[in-house]
Every structure is written in structure tokens, then in C-alpha cells.
Amino acid sequence: MKIGVYFCNCGSNISDKVDSVQVYQALEGLTDVAYFKINDLMCSEDGKQFLNDDIAAEKPDRIVIAACSPREHENTFMRVLTGAGMNPYLMQMVNIREQVAWVTDGVDKASAKAAQFIKGAIKRVGFHKPLEKKSIEMSPDVLIIGAGPAGLKAAITIAETGRKVTLVEKSPVIGGQPVLYEEVFPNLECAPCMLEPLLNEILHGEHAENIEILTLSEVVELTGFYGNFIAKIKKTPRYADLNQCIGCGECIGVCPVDIKNEFNNGLDVRHAISLSFAGALPNVPFIDMTACLRAKGEDCKLCERSCPLGEGIILYDDAEETVERRMGAVIVAVGASLYDAGLIPKLGAGTVPDVYTSFEFERLLSSTGPTGGQLVTSSGKTPESIALIHCVGSLDSNHKEYCSGVCCQSAFKYNLMVEHKLNDAHIYHLYKELVYPGKEEFFLYKRAKENINSAFTRYLNIGSLEITAAEDGRILIKNTLSEKGAIKADMVVLCPALAPSKDTDKLNEVLGTTADTYGFFEELHGRLDCAKSKVRGIYIAGACQSPMNIAQAMTQGMAAAGYVLSGLAEGKQLEIEPITASVDAQRCSGCRVCMLLCPYKAISLDAETRKSSVNEVLCQGCGTCAAACPSGALSSNHFTNEAIFAEIEGVLA
Amino acid sequence: MSNGSSFEPKIVGFLCNWCSYAGADKAGGSQKSYPPNVNVIRVMCSGRVDPQFILKAYSAGADGVLILACHPGDCHYKEGNYKAMQRHRLLLRVLNQLGIESERCKFDYVSAGEGDKFISIITEMVDAVRALGPLNKVIILDNIGYNTMEERS
Ligand code: SF4
Ligand code: SF4
């Protein structure tokens, strides 16, 4: 084997400390070393040209470059090798600058250390194999789970580039949580009006044909890997034709069944056939078959008969189906839910009348809500005072340790909305901490403070608050830690922390993604890559990753779209780094040790042959599996046992 | 090989590419010198460090072995550093039975920014192994995975 050694002086960075003559002498007698050449600055244009020409002339089998850190110029020299017609993996760099010249006292010691390092490389490089980057086709299409702000923003952004988006939404409507709000902070914009253009764009815009919206649907299986995922999506029937229905709503009033309306958090009733709320999009009703009389064997056809378009719009025979879609990437944007205030029972959620959570209160304030936006107590009275409890379950090691950042803003918003609706109602803010970060957020707090009917009181521990029904029909709020008098209010609004939605665990299982310590979808890196999950090709956006407001969710939707657009460019092939693991099937005993170890789920066991194999797209080349295989069947390309053993022998020789 | 103050231990250091190797480069950037006794072998992840590599190093003449990994939670490959840490703990028990002092096999965490920590780990390790003297046992590796030991000549 012909091995060439190149020694770079790095200007004088290396040559000041490492004497190339001493190094050369130390290498004397090593078999296979065909030549030893010195260059002054190998990474310069001249240096690279020299290397290129020299490789072309010498035609070595392997080369060793003793220079700076491979973290600095390994890629540079690999490109030179490729250009000179040599496989770039047939080289080993030796770091004699950062790890020798700059850190060793005395020329003799530095030269000796450099020689040891170079000997290791010479020994090792003989075991290098030519490796080729492979590439495979990728689908540029995308699956988005969740049609809230983050998912919608990502969907339209990606669809605008002509790619196909499958938007899967569990509920019958798109728009997420904000479409249920009358007004949003910080400037009390009408939420449905704010979202309408975006929703319209998605449903009927120029690029709508690129977006397939599957409402009442859930992803039940995901297989494959970045560039080539296949998803199974279960569609629950809507029992109404999405394309033909004109949304007149004639069918709804005739339905004889009344059930609790979950879209108003159970605060009123709806029919078995219904729209989620006035103005819900898509504007097509759905039948809740668990409630419909037909499910109980009756032959009710009242809704179908009332349809002005005649038969064929209401589809009683609609059935559940599972569809399959292929895509290159997945964006998870399933949002968050509220921390269950029932876990702090003394707050009276669900037990004391007129105690509401913030989501329920949003519906009470909404003109499409159960009271048409009128604030009245359950006994029909106009409230004279309303207590807003901040930090419910937040900043509390017994509940959620974090601050969600949005609950204070909601409470300040309620202050203003209540002020608008009920001129002189008293408003109490009970809080643990008040936060208003950001350039617009202080405004609402200031407005609340300026209202002479608003009072702010701090509590230390949510566990010391007791909310009970008083005998006079009002609500008594006591702080058991305080000797001061209790507060009486006609209505209480609990503002709980944002918490992971209840489907998070199930979805993590389906997607192979992970949850963080709080149960939110775990990001790859909290600052650098908070829109990436730990699975390649699966991105996370919006409040399913961390509590956040609408603006942040939209931005993160864009961030996820950005990853998709740059990574899955049309017609681009997925380049697979050749430094992966590979299995020698002959030696594999099928013990599955490697499968359980691989952090990327890159290894699978063939059910028939009982042999492992490595998926090169998923494998990141860490080599953890190779270090563990008891049969020596797994090897780590470019970092094979042979190469490392040889390097060990070389550096110690 | 002579013992005493002139003894210069030979140490093999397995450094993960992303944190520790970068930490060593960082130490280089600050141009502070440290003992030259550690021969660095770069691996992509500390999880790649097969206990056999460590045994091989002893059998090839190393007086000590150092494994440096990313800090917990920072592994570029999620959790290779935990695997490395667990394997190191197990290996210490084996080495103990072979009569190799635990000071000769050290595991630690160095991030890409911790050049100074890298220098102090190297310095302490070299001092500790110098104090122990040369490893005068040889581990014989055979290819069916049994490791035995002989006195070094
Ligand atoms: S650890 Fe080795 S022997 Fe066991 S299944 Fe994986 S490749 Fe096969
Ligand atoms: S090298 Fe790492 S990523 Fe690749 S298969 Fe092995 S354990 Fe998984």
C-alpha cells in the first residue's frame, strides 16, 4: 500500500513548535509510507492546488494530512481529494496544531507528540475503505397534524410553493383555539375576523387545491423516515357532504336530540347534527353518531328531509375509513390544553356555580357562545364583581413549575372586556406573579391598573385559596394564610397554566417522537432548533412544544415550514452520509441489543431471517450499537474496530 | 522501563467529536500548554467507545485511558454519553479484578467551550498515573472476547 504523508507548516503556527525533520525521522522505517511532503499553507488556494496536483501525480492509495483540527479543514481536503479523483474517505487528518503545536512546551516534546499522532493515523488509514454518499428520492409533500394557528400558517406557506399538504384535524373545524375567542390580546382584535383571511386562503384560495383538509381525523400510524414517510389516517365520518353542502343550517334546528355542547365547554346544549359554533369553518354540519337517534335503531331522517338541496347531502351511510398518504416530512401542531383546575379542588372548578376556567369564560364573552356574549350568572343576574385568579397551577412545584406567559395577558384582556360589557363591575386580580414581557404586552396591564374598579392582590400559594358558594348566592374567596377579610364575587375566572394536550402521549407513540419533562413535545434543542423534534423530518410548532401565544405559534409554524422548504427541495435527493453503521448478517445472532440502544430507531430486525439491519437514512453514525454488539456483527463505517485498534497501536508504538 | 520521577505515562484519550474534541481544540486556541502525554483518538460519539478499545490500549502499552464525553443532556446523538458512562462503570469493576487501578481509567465530561476544564483533566490524569507508575501488566486480548493478563517484560 502506498501511503503519502503531507505535513502543513500552517504558516509558522505549526513549524514554530513542531520540527518536521524530527517528525520525519520518527516515521522512518514505517512500512507503506511512500513519501513525506511539507507545505507551507495547505488550506490556501496554492496549497490545495499543490495537494491536488501531487495526488494526481503520486497516485497514493491513502494519504495522511498532518495539519490543523479536522473540525477546521477536513471537509476542505475531502473536496480536494474528490477533485483529484481520489475517494475522500481514504484520508486521515492529524491535528498537530490545536492539540500539539499550540499546547506543548518545547520543540522536542511537541515533535515527538506529533509523530505519535501521525503514526496512529498512518496505521489507521490503511483500514479506510472508499465510501460513497448515497442518495434517494424524497417526497416534497407534507403532513401537518393540527389546524390551529401554527399548523395553518405552515400549511399555507408550504402550499404556496406548489407542494401537497395533508392537514389532519381531530375536530370538525379548523382554526384551533383562537376561533373560539371573541377578542385576542394585546389589542382586542376580533379573533374570527383576524383569522378569516387565513382560513379562507386555506379553504378557497389560489393554492387551496394543494391542501387536503381531513377534519374529524387522526394519524394512527407513521412508518418510514425523512423524505419517505407513510401515514395512516383514520377519518371519522361527518355524515354530510363537505363539497356539496352550502352550510345553510336548515337541518340543525329540526334535530330532536339535545346534548351538551363541548364547543362551549358544556355550558349549553347542541343538537346531534350541528355546527361547532356560528361561523365555524368548514361551514358544514356534522352528525355526532353517538347521540343520533339512528344509532339507537330509529329511522329518523329529519335532517335529510329538511335539506333544501334534497337527498345526497346528508350521508347516513358515511363510514369510518383509513387512508394512506406518503410525505417527506411531518409537522406536529396540535396545540395545548389548560391545566386541569379540578386538581386544585378548593378552587371550586366544576363544583361551585359561576366558577369558570379561562377557556369557558372566553365562550361566555363570545357573541357565538352560549349567552350570545352577555355576561350573566347562572341565576340570571348581571355580575357586580368578577374575580380573576392568575397562575392557577403555574409556578408551583406541586403542579406546573413554569410560567405560561399567556394567562396574565388573558386576565388583563378580560379586565378590559368586562369593563366594556359591565361598566362599573368590580374586578379582582388574585395573582402569584404578574408578567407582561414583549413590546405590546404592558398596555393591557396598564389599562387594567387604570380602571378604578380593578384591584390587584397577591397570594403566595394557590393551595391557600378557598372558593366556596356563600349563603347569599355569591362566591366567597378566602385566603387561609391572610387575616384580612375575604372577597365576595359573583363570578370567578380561573386562569390555569397551559399544559400538554391529552393526546400528546399517544401521538408521541405513533410518531416515535418524545415528550419533555413537562409532557410537551420535545424539541431537538431549546434555542437552536426548537421547531425540530428529535426525529429527523418531524417538526413541532406552536403550543404543543411549549406554552406560547398566537404570534409565537404562527412564527413557529413558519419556522417548521422553513425547515421543510429548505430540506425537501423539489427534485432534490436525500444525501446519505456514508458514516453509518452496517450489519454483517452472517454474524448477527438477532439478540436485538443494538435495536434497543439506537437512539434513532435506525435498526430493525427482519421478522423472518431474525437478522438486524440498519436504515442508512435514520442512522446518524454515532457507533453506539457497534460498541455494544456482542457478536461483532455491527460495524461503524470509517470508525471500524480494525481502524481504531490500529490507531491505538500506532499512537502507542 | 524505569519508575520514579522520569517516568512519562502514556495515555490514550478517546474524545467525542462534538463536545470533548472541540473542547480540546478550544484549549489549543487559548495556547496554554499542558502535558503531552495524552494521545487523542477521535470518535464520533463517546458511545462508540467499545470497552475492547480500552483493553486494547492497555495491552498496547498505555498506562492510562481517558474517555471524554458531552455533558449529560448535551450528547449530539441524544444519549451516547450515558451509554459510555454506564459502560465505563462496568468496566471499572472488570479492571479492578484484573488489578488495574481505577485512576488509570477515567471518564469525564468536557463541553466544546471547556478548554480550561480539558487542560485540568489532562494535567490531573497525567499526575495521577505518573504517581502510580507504569502499568506493568498486559492484558491479552483474544478474539473470542476473553481477556487475560500477564506481567509486562
Ligand atoms: S447487537 Fe449485533 S448480534 Fe445483536 S441484533 Fe444487533 S447486530 Fe445482531
Ligand atoms: S450508529 Fe448510532 S444511529 Fe446508527 S444505527 Fe448504530 S446506534 Fe443507531
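Among the helices (runs of 4 or more DSSP H) confined wholly to region A:30-146, which include 2 or more residues that are touching a strand residue (DSSP E or B) at 6+ places or on another chain (Cβ under 9 Å), farther than 29 Å from B:Gln31 by Cβ and away from chain B (no Cβ under 14 Å)? I'd like the intermediate steps shown before the answer.
On the way: elements: A:45-58, A:70-83, A:107-125.
Here the list reads A:45-58.
Hey, A:Gly632 hits all of (1) within 19 Å of B:Lys56 (Cα to Cα); (2) within 16 Å of ligand 1 (Cβ to nearest atom); (3) part of a helix (DSSP H, G or I) but one; which does it fall short on?
Evaluating A:Gly632 over (1) within 19 Å of B:Lys56 (Cα to Cα); (2) within 16 Å of ligand 1 (Cβ to nearest atom); (3) part of a helix (DSSP H, G or I) leaves (3) as the failure.
Okay, residues lined up against (1) buried (at least 19 other Cβ atoms within 10 Å of the Cβ); (2) touching a helix residue (DSSP H, G or I) at 6+ places or on another chain (Cβ under 7 Å):
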| site | (1), (2) |
| --- | --- |
| A:Val376 | no, no |
| A:Asn415 | yes, yes |
| A:Lys421 | no, no |
| A:Asp424 | no, no |
| A:Phe443 | no, no |
| A:Thr480 | no, yes |
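Which count do you get for residues in region A:594-606 that are more than 9 Å from chain B (Cβ to nearest Cβ), open to solvent by 30 Å² or more (accessible area, probe 1.4 Å) and near ligand 2 (Cβ under 6 Å from one of its atoms)?
Our first condition is that a residue be more than 9 Å from chain B (Cβ to nearest Cβ); within region A:594-606, this holds for A:594-596, A:598, A:601-606.
Then keep just the ones that are open to solvent by 30 Å² or more (accessible area, probe 1.4 Å); that gives A:595-596, A:601, A:604-606.
Okay, now just the ones that are also near ligand 2 (Cβ under 6 Å from one of its atoms), so none.
The qualifying residues number 0.
Identify the single condition in (1) touching a helix residue (DSSP H, G or I) at 6+ places or on another chain (Cβ under 7 Å); (2) open to solvent by 40 Å² or more (accessible area, probe 1.4 Å); (3) closer than 21 Å to B:Tyr21 by Cα that B:Leu92 does not satisfy, given that it satisfies every other one.
(3)
Looking for whichever is over 25 Å from A:Glu642 (Cα atoms) and in contact (Cβ under 8 Å) with a residue 12 or more places away in the chain here; the options are B:His76, B:His71. Which one fits? First the steps, then the outcome.
Details: B:His76 fails: over 25 Å from A:Glu642 (Cα atoms).
Matching residue, one of B:His76, B:His71: B:His71.
Checking the conditions here, which among A:Ala560, A:Ala585, A:Ala569, A:Ala553 is at pLDDT below 90 and either away from ligand 1 (no atom under 16 Å from the Cβ) or open to solvent by less than 80 Å² (accessible area, probe 1.4 Å) (or both)? Give the steps one after another, and end with the answer.
On the way: A:Ala560 fails: at pLDDT below 90; A:Ala585 fails: at pLDDT below 90; A:Ala553 fails: at pLDDT below 90.
Within the list A:Ala560, A:Ala585, A:Ala569, A:Ala553, the selection yields A:Ala569.
Which members of region A:618-628 meet the condition of being open to solvent by 10 Å² or more (accessible area, probe 1.4 Å) and either more than 9 Å from chain B (Cβ to nearest Cβ) or polar (S, T, N, Q) (or both)?
Listed by number, the residues that qualify are A:Leu618, A:Cys619, A:Gln620.
Within region B:1-79, which strands (runs of 3 or more DSSP E) (wholly inside it) include 1 or more residues that are farther than 24 Å from A:Ala115 by Cβ and more than 7 Å from chain A (Cβ to nearest Cβ)? Don't jump to the end; show me each part of the working.
Details: elements: B:11-16, B:38-43, B:64-69.
Answer list for region B:1-79: B:11-16, B:64-69.
Looking only at region A:571-590, count every residue that is within 15 Å of ligand 2 (Cβ to nearest atom), assigned to a loop (DSSP other than H, G, I, E, B) and either within 27 Å of the chain's Cα centre (by Cα) or within 14 Å of chain B (Cβ to nearest Cβ) (or both) and tell me the total.
4
Residue-wise test of (1) in contact (Cβ under 8 Å) with a residue 24 or more places away in the chain; (2) within 25 Å of A:Leu364 (Cβ to Cβ); (3) buried (at least 18 other Cβ atoms within 10 Å of the Cβ).
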| site | (1), (2), (3) |
| --- | --- |
| A:Thr215 | yes, no, yes |
| A:Val220 | yes, no, no |
| A:Asn261 | yes, yes, yes |
| A:Asn264 | yes, yes, yes |
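From the set of residues in region A:588-598 that are free of Cβ contacts under 8 Å to residues at least 40 places away in the same chain and on the phi < 0 side of the Ramachandran plot, which is nearest to ligand 1 (Cβ to nearest atom)?
Initially, region A:588-598 is screened for residues free of Cβ contacts under 8 Å to residues at least 40 places away in the same chain, giving A:590, A:592-593, A:595-598.
Add one more test, that the residue is on the phi < 0 side of the Ramachandran plot, and what stays is A:593, A:595-598.
Working: A:Val593: 4, A:Met595: 6, A:Leu596: 9, A:Leu597: 8, A:Cys598: 9 Å.
Here the residue is A:Val593.
Kindly establish whether A:Thr609 is out of contact with any strand residue (DSSP E or B) (no Cβ under 8 Å at 6 or more places or on another chain), of a type outside the set (A, V, I, L, M, F, W, C), farther than 15 Å from A:Phe225 by Cβ and within 14 Å of chain B (Cβ to nearest Cβ).
On the way: out of contact with any strand residue (DSSP E or B) (no Cβ under 8 Å at 6 or more places or on another chain): yes; of a type outside the set (A, V, I, L, M, F, W, C): yes; farther than 15 Å from A:Phe225 by Cβ: yes; within 14 Å of chain B (Cβ to nearest Cβ): no.
The answer is no for A:Thr609.
The values are calculated or read from the model by the stated rules, or taken from the named source; none is laboratory data. All values reported here derive from a predicted model rather than from experimental measurement. Methodologically, a virtual Cβ is constructed for each residue, glycine included, from the backbone with ideal geometry; neighbour enumeration extends over all protein chains shown. In case anyone asks, the SASA skips ligands and DNA or RNA and just uses the protein heavy atoms, side chains included. Shrake-Rupley method; radii C 1.70, N 1.55, O 1.52, S 1.80 Å.
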